[in-house]
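Everything on this sheet refers to the single structure shown next.
The values are calculated or read from the model by the stated rules, or taken from the named source; none is laboratory data. Remember, it's a predicted structure, so these values are computed and weren't measured experimentally. A quick note on method: Cβ atoms are made from the backbone with ideal geometry, for glycine too, and the neighbour counts reach across all protein chains shown.
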Amino acid sequence: MIPSRKTRPSLILFDVNETLSDMRPLALSFEDVGLAAHESEAWFAGLLRDAFALTSVGENPDFAELAAEALRLRLRTRVPDQEVLAAVDSVMQTFGRLEVHPDVVGGIRALRSAGLRLVTLSNGSTSVADGLLSRAGLLDDFEQLLSVADAPAWKPVAAAYTTALNTCGVAADEAMLVASHPWDIDGAARAGLRTGWLRRGAAGYPSYFRQPEIEAADLEELAAGIR
């Protein structure tokens, strides 16, 4: 899908977890500590749910703390008590060593070659984004790494996006949020940003969310559509 507007954005804000990072290795990590591989998806969805709930009552929770606690609770009925902490640490170390999706390097390089400013905006920590991009050799392509830890609230609250816009010194309609999560696309659109959704194998985009300006299979296709 090609952008409906004639002008392209000057700044691309990237979600990190799942959008840039390939989280499939977590399934094997879950199996290694005695959980089922498919539970990795439920774990991640659950920690987002709980974070959104805390955000709705005015909290700004720490991603790593929620992730580790959700793992502890899931493991307590499966492995001996003395093994829980080591199992949590093993999974969290895997999370911290994830690689980017195969399309990310080409997509990022294409966007940079087109003169676009690139910034991350994650509900996780900047250290995770730093490690992910460093391993891919992409860190120098990014102007800044931003996290909601330095904003009033988690995405998709509008303040998360507007804090990033203010930090980068751009108006909302000059920036595009790129994410694989429809809830993130919806939140950014409500905050006035332009949006690009990466399908990454999803069956479709929910009709109850605000629709993305661009829809692409992966980052290389999206980059080709906005250059």
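Values for this structure:
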| quantity | calculated |
| --- | --- |
| Pairs with Cβ under 8 Å, 6+ apart, first in region 9-25 and modelled with pLDDT under 95, second assigned to a loop (DSSP other than H, G, I, E, B) and surrounded by fewer than 21 Cβ atoms within 10 Å (Cβ to Cβ) | none |
| Failed item in (1) polar (S, T, N, Q); (2) assigned to a helix (DSSP H, G or I); (3) modelled with pLDDT of 95 or more, with GLN82 passing the rest | (3) |
| Sole residue being more than 15 Å from THR7 (Cα to Cα), in contact with a Ser or Thr (Cβ under 7 Å, 6 or more places away or on another chain), assigned by TED's automatic domain parsing to the domain that holds ILE108 and not in a helix (DSSP H, G or I), chosen from PRO206, PRO212 | PRO212 |
| Exclusive hit being of a type in the set (A, V, I, L, M, F, W, C), over 30 Å from GLU220 (Cβ atoms) and surrounded by fewer than 20 Cβ atoms within 10 Å (Cβ to Cβ), set ALA87, ALA64 | ALA64 |
| Residue list for region 156-170, filter: surrounded by 14 or more Cβ atoms within 10 Å (Cβ to Cβ), part of a loop (DSSP other than H, G, I, E, B) and out of contact with any Leu (no Cβ under 7 Å at 6 or more places or on another chain) | PRO156, VAL157 |
| Whichever residue in region 98-126 is in contact with a Ser or Thr (Cβ under 9 Å, 6 or more places away or on another chain) and over 22 Å from LEU165 (Cα atoms) and, among such residues, is surrounded by the fewest Cβ atoms within 10 Å (Cβ to Cβ) | GLU99 |
| Lone unmet requirement of (1) charged (D, E, K, R); (2) on the phi > 0 side of the Ramachandran plot; (3) free of Cβ contacts under 8 Å to residues at least 12 places away in the same chain for ASP140 | (2) |
| Matching residues, region 6-23, being under 16 Å from ALA189 (Cα atoms) and β-branched (Val, Ile, Thr) | ILE12 |
| Lone unmet requirement of (1) touching a residue at least 24 places away in the same chain (Cβ under 8 Å); (2) surrounded by 23 or more Cβ atoms within 10 Å (Cβ to Cβ) for PRO206 | (2) |
| Positions within region 109-138 being in a helix (DSSP H, G or I) and among the hydroxyl-bearing types (Ser, Thr, Tyr), in sequence order | SER113, THR126, SER127, SER134 |
| Cβ-Cβ under 8 Å pairs, at least 6 apart or on other chains, region 210-227 side surrounded by fewer than 18 Cβ atoms within 10 Å (Cβ to Cβ), far side among the β-branched types (Val, Ile, Thr) | ARG210/ILE185; ARG210/THR195; GLY225/ILE2; GLY225/ILE214 |
| Scan of region 39-66 for residues that are part of a helix (DSSP H, G or I) and either more than 21 Å from ASP89 (Cβ to Cβ) or touching a residue at least 40 places away in the same chain (Cβ under 8 Å) (or both), ordered by number | ALA45, LEU48, ARG49, ALA51, PHE52, ALA53, LEU54, THR55, SER56, PHE63, ALA64 |
| Residues being hydrophobic (A, V, I, L, M, F, W, C), surrounded by fewer than 21 Cβ atoms within 10 Å (Cβ to Cβ) and not in a loop (DSSP other than H, G, I, E, B) - total across region 171-203 | 3 |
| Residues of region 127-151 that turn out to be surrounded by 14 or more Cβ atoms within 10 Å (Cβ to Cβ), closer than 24 Å to THR55 by Cα and touching a Gly at 6+ places or on another chain (Cβ under 9 Å), as a count | 4 |
